[in-house]
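First comes the structure, then the notes that go with it.
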Amino acid sequence: MNTTLIAGRKLCGVNRAANSALSQHIQAHHEAAACRSARDIINVTVEAEESDIITDTGGEKYHAKLHVLIQHPSTKELVVDGPERDKKAEAIKDGEILVKAYELEGEAGARRVAQRLERKTWSQAEITGIAEGSFDGLLLDPTAKSGMKVEKLIPPGEGWVRFTDDMLWDPRSEVYFVQVGSQMGKYLMKDAKSKEFHEVNTPHSPVDFALTARAAGANLTRRGPKLERTVLLNELPKIARLAMKFPLSFLDSPASAFVLFQGLRSAEAADWCAKNFHTRLLPALAGKIHEWETRELQGVLERVIRELDAEILKGTAALSGCSAIIALLLGNRLVVCGVGQVRAVLLFDDGSARQLLAGTHDFQAAAERDRVTEANGIVHGGLLHRFVDDVDDAQRIINARSPFEVLQLEAGGALDEKQIRAAYRRLALRVHPDKRSEAVDVNAYNKAFARLDAAKDEAEAILSADAEACRELHKVLRADVHTREGAAELLGVDKAVSWDTEQVVEEAEKACRWQLKRLEKLESCAAATAACDLAKAMCKEAVETVRRPGSPEALPRQEAQLRVGLPTSRAMGVRDLRFPTRIVAMEPESASWTVPTGGRGCRLALLVGATAGLPSQRLASLAQGLARQPKAAALRWCMDADPSAPSVGAACVVFEAKKRPNDPASASGPAAKRQKVPSGQAGSVFLRHVLFRHQQLRVVDPAARREGAAKTAGEAEAAALAALQDLLKDPNSFGKICRERSDCQTAAQPGNMTGHLGWVGRGEQEPAFEEAAFHLEANEFSDLVTTSRGVHIIQRLG
C-alpha cells in the first residue's frame, strides 16, 4: 500500500459519533487549511521484514509507516510507525487509521493512535470494513456520543502540569498543549510582549542512537592540595529526576555531560563549580522541548559557564579562580566548551588525533599580550599579576594605572605642585635613558621616561583644575579596593567582615554615591578623564568587596591569594584581575563534532592546566593499548605532564557503538572460545583480580593479606597502572604479577586459581566493581577500579 495525497484537515466519515463530537475542531482545521496555499504531504506505506520466528502465517512481519511532510507552521518531517503485524491486511488497516488520525488531530493524534494500535487486535470484519465501529477507542473515547465532551489528548513526554481545564503547561519550556477544542493537539507559546498565544512545532521525538560513552578522570598531586574536580554525569535524565525533581523527556540518548575544573590559586572556585554545575545545566536543557540546534547547545554551555562565574564573583571564592572544560553528548552530537588553559582532543583507534578545542590562555601570544599590557597586567616569573613588589623602577612606571601611581605619590596629606615635581625629579634620575646600565632594556627605560613626563603634566593639570577634587581622586586611586580593610577605609564603613552584610552595604553604597559626586568636579578636565573613569570603577568595586560575605577566620587566607599569580590570561573568578581593569578575561569558547556510530572507535581527551600542554600525538601515543580503559589513559597523561605543576588532572571519554543483545560481538568472546556457563550461573561472570591497597583506606578488609605499600590512593593507582600495562603486554603473566603485587588473600591461592573470585552475580560487589566487571568481554582486563578495598584490575574469564 502506497498512497500519496495533498491533504488539509478534512471531515472523516468512518465514525459518525466521532464526526459529530469533533465537528467544530475539524471545521476549524479545514478552514485553516483552505486559506493556506501550502498543504501537508502524506505518504503511508506497509513495510515487510524477515522474522526469526516462523509461524503458520509465514516468516514475514508487516508494519505501517506514516510519513508526513508538514508545511505549517514550519516545514518539518513526521514519521510514525505502526505495530508489527503477522498479516499485511492488518498493517494496511493500521495505515488507514494513522492517516485519519493525522487528518483529524495532527501529529499528536497520529502518535497517540500509534500507541493505541499496539493494543489493538483487528477482527476479520474490521479488516473487510463490515464492522461499523472499526475505529472506536482509537480515534476517540469509545464512550463518546454526539454532543458530549471529546476525550482529552495526552501530549508525549513527562512534566506537563494543568494550566486550565483544556490546556497543559510545561513550566520549564513555557510551552502549552491544547487538549480539547478548536485547537486540540496544538502546541502554543505566549508572546512576551503581547501576551498572545502563537502556534509552535511539536516537541522533539527523542532518538536513541546506537552509541555508548564511558568516562573517567584522573588526578596527580605532586605537592600542596588537589586542585582538580571532575564531574561525570552519565545519564542526564536520571540525574534531573533524582537531583532536580523534573524530567528531561525530549533529549536524544545517550545524554551525558563530562566536566573538568582546575582551581587557580586554590581549589575553592573549582570545588564550588563542581558541586553546582548540574543546577545550571539541567534547567537549561529542560528549557526547550523542541529539537536543539548544535549552535544552541554551544550557547547553553557558554551560558552555564557565565552563570557559574557570576556566582563565584559574588561569593567567598571570588579571589580564587578556575579553568573549565565541558563536554556534552546528546545522541551523536558532541559539544565542548571551555575557558582558560584547556584543550579537547579526539583520539582515534588508528593512532591519529584531532584537536577539537584549544582555549585561549597564553599571555605571551601577540594578541593576548597586547590586551594584558593595555590592562596594566604584569608578567613576572612566568605568571600574570596585578601588582608585584619585586620589579625595577622602569617596569613599575610602565605598569602604573594612573599618573599618581607613576609618580609613586602616597595617599593622604597635602598634594601640591612642589610634591609632584620633587617626585618627578627623584624618579627621572632613576629611569632617564642616559642613567641606565648596560644590562637593562633600552626600550623599557625610554618608555618609562616618556610615561613619567606625561604623568607629571597630567597630575599638574588635574591639580590646577580643582585641588580638592584632585586629592580625592588621588585617595581613591591609591586605595586597595580588593581587601576588606582597604575598601572599608575608602568608603568609611566598618572593617569587620561578617555573613550579614546588608546594613554595611547600604552605608557603602551611600558613601560611593557621595564619592562619585565629588569626582564630578573634574569632568571638565581632559587630563583627568581616564583617571576619573578608573576611580569611579574602583569605588563601585569597593562596594562589591564590602558586600562579599565571609568570616574573620577565613579572610586572611582568602586575601593572601591576591599576591598569587596566574598561569593563564583567561579564567573564571579571580575578581581582582578582572575588575576594575580586565587583566584576565572570561570568554568561553566552544566547538562541536558528530560522533560516528559505526566504524572506527574514538576517545575524547579533556585536558586542563599542565596536561593541556601535551602535544596531540603524544596523547595518542601514551593512550595506545588503552582503548577501553579511560582512567588508565587519563592517569598516563597526568604522569607525563610538566613535573613542575603541583597538581594535574585529565579526563578521558570512550565512545563505542552500542551492542545489541543478539549481536555476536556482545557475547563473551568468539563462539569457539566461549566458556560454558555451569547451571545456575546465568547472569553471572567469572572473575579474577589484582588488588592494590593504600594507607588512606578507612575500612578494615578481612580478605586483605597485607596493608599494601602505597601511602596514598594516587600511589596505589600508579602501581595499578604499571601492573595493567604489564598485563596488556603479556596476559599470561597474570599469575606471577598477582602473586607478587596483589594485596588480596586470593593471590595466595594455588596454581591457576591465583586471584580468582569465582562466579560473581549482580548485587554481590560494590557498584563500581560490578559495573566494570559486567562491562568486560571474555579475557579482557578492566580499567583501574576504585572501591573501599583499594584499586583493582579485574579480568573476566567467563
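The values are calculated or read from the model by the stated rules, or taken from the named source; none is laboratory data. Since the structure is predicted, the reported quantities are computational estimates derived from the model, not experimental observations. Note that each Cβ is placed from the backbone with ideal geometry, even for glycine, and that neighbours are counted across all protein chains shown. The protein model used for the area step is the full one, side chains on, heavy atoms only, and it has no ligands, DNA or RNA in it. Shrake-Rupley method; radii C 1.70, N 1.55, O 1.52, S 1.80 Å.
Among the candidates R229, R241, single out the residue that is charged (D, E, K, R) and either open to solvent by less than 30 Å² (accessible area, probe 1.4 Å) or outside any helix (DSSP H, G or I) (or both).
R229 is the lone residue from the list that is charged (D, E, K, R) and either open to solvent by less than 30 Å² (accessible area, probe 1.4 Å) or outside any helix (DSSP H, G or I) (or both).
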Item to complete: Output yes when any residue across segment 223-231 is of a type in the set (A, V, I, L, M, F, W, C), within 15 Å of the chain's Cα centre (by Cα) and at pLDDT 95 or above, and no when none is.
Response: yes
Item to complete: Please specify each residue of segment 463-489 satisfying the condition of being among the hydrophobic types (A, V, I, L, M, F, W, C), modelled with pLDDT of 95 or more and either open to solvent by 10 Å² or more (accessible area, probe 1.4 Å) or over 13 Å from L534 (Cβ atoms) (or both).
Response: A487, A488
Worksheet, complete the sentence: Note on L282: of the conditions (1) assigned to a loop (DSSP other than H, G, I, E, B); (2) in contact (Cβ under 8 Å) with a residue 40 or more places away in the chain, unmet is (1)
Worksheet item: Mind checking which pairs have a first residue in segment 149-169 that is farther than 17 Å from R112 by Cβ and a second that is open to solvent by less than 40 Å² (accessible area, probe 1.4 Å), Cβ under 6 Å, 6 or more apart or different chains?
Response: G159/D170; G159/F246; G159/P247; W169/Y176
Discussion item. Consider segment 453-501. How many of its residues are of a type in the set (V, I, T) and not in a loop (DSSP other than H, G, I, E, B)?
Written reply: 2
Practice prompt. Looking only at segment 550-567, decide whether some residue is farther than 18 Å from A318 by Cβ and within 34 Å of the chain's Cα centre (by Cα).
Written response: yes
Worksheet item: Of the conditions (1) closer than 24 Å to L329 by Cα; (2) assigned to a loop (DSSP other than H, G, I, E, B); (3) in contact with a helix residue (DSSP H, G or I) (Cβ under 8 Å, 6 or more places away or on another chain); (4) open to solvent by 40 Å² or more (accessible area, probe 1.4 Å), T597 fails just one. Which one is it?
Response: (3)
Discussion item. When the residues of segment 743-798 are narrowed to those that are in contact with a Cys (Cβ under 7 Å, 6 or more places away or on another chain) and of a type outside the set (V, I, T), which ends up farthest from Q695 (Cα to Cα)?
Written reply: G755
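Within segment 748-783, which residues are of a type outside the set (S, T, N, Q) and on the phi > 0 side of the Ramachandran plot? Spell out how you get there, then give the answer.
If we filter segment 748-783 for residues that are of a type outside the set (S, T, N, Q), which is where we start, we get 748, 750-751, 753, 755-764, 766-778, 780-781, 783.
Result: G751, G755, G758, G763.
Here's the yes/no breakdown for (1) of a type outside the set (S, T, Y); (2) open to solvent by less than 40 Å² (accessible area, probe 1.4 Å); (3) more than 30 Å from L242 (Cα to Cα); (4) not in a strand (DSSP E or B):
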position	(1), (2), (3), (4)
K288	yes, no, no, yes
V300	yes, yes, no, yes
G351	yes, yes, yes, yes
R354	yes, no, yes, no
D362	yes, no, yes, yes
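Could you go through segment 413-434 and let me know if any residue there is more than 30 Å from I326 (Cα to Cα), under 44 Å from the mean Cα position of the chain (by Cα) and open to solvent by less than 80 Å² (accessible area, probe 1.4 Å). Before you say what the answer is, go through the steps one by one.
Going through segment 413-434, the residues more than 30 Å from I326 (Cα to Cα) turn out to be 413-434.
Among the residues that remain, those that are also under 44 Å from the mean Cα position of the chain (by Cα) are: none.
Checked against the condition, which is being more than 30 Å from I326 (Cα to Cα), under 44 Å from the mean Cα position of the chain (by Cα) and open to solvent by less than 80 Å² (accessible area, probe 1.4 Å), segment 413-434 yields no hits at all.
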Worksheet item: When residues of segment 372-385 are filtered for being under 11 Å from T581 (Cβ atoms) and either among the β-branched types (V, I, T) or open to solvent by 40 Å² or more (accessible area, probe 1.4 Å) (or both), how many remain?
Response: 2
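Among the residues of segment 164-190, write down those that are assigned to a loop (DSSP other than H, G, I, E, B) and either open to solvent by less than 20 Å² (accessible area, probe 1.4 Å) or more than 20 Å from P283 (Cβ to Cβ) (or both).
Correct list: T164, D165, D166, S173, Q179, V180, G181, S182, Q183, M184, G185, K186.
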Practice prompt. Enumerate the pairs (first residue in segment 86-102 and farther than 21 Å from I41 by Cα and in a loop (DSSP other than H, G, I, E, B); second residue anywhere and open to solvent by 20 Å² or more (accessible area, probe 1.4 Å) and at pLDDT below 90) with beta-carbon separation below 6 Å, excluding pairs fewer than 6 apart on the same chain, so at least 6 apart or on different chains.
Written response: D86/T57
Worksheet item: Of everything in segment 71-107 that's open to solvent by less than 50 Å² (accessible area, probe 1.4 Å) and touching a His at 6+ places or on another chain (Cβ under 6 Å), which residue is nearest to P156 (Cα to Cα)?
Response: G82
Worksheet item: With L727, L776 as the choices, which residue is within 21 Å of A627 (Cα to Cα) and surrounded by fewer than 19 Cβ atoms within 10 Å (Cβ to Cβ)?
Response: L727
Fill in: Flag if R762 is surrounded by 18 or more Cβ atoms within 10 Å (Cβ to Cβ) and among the basic types (K, R)
no
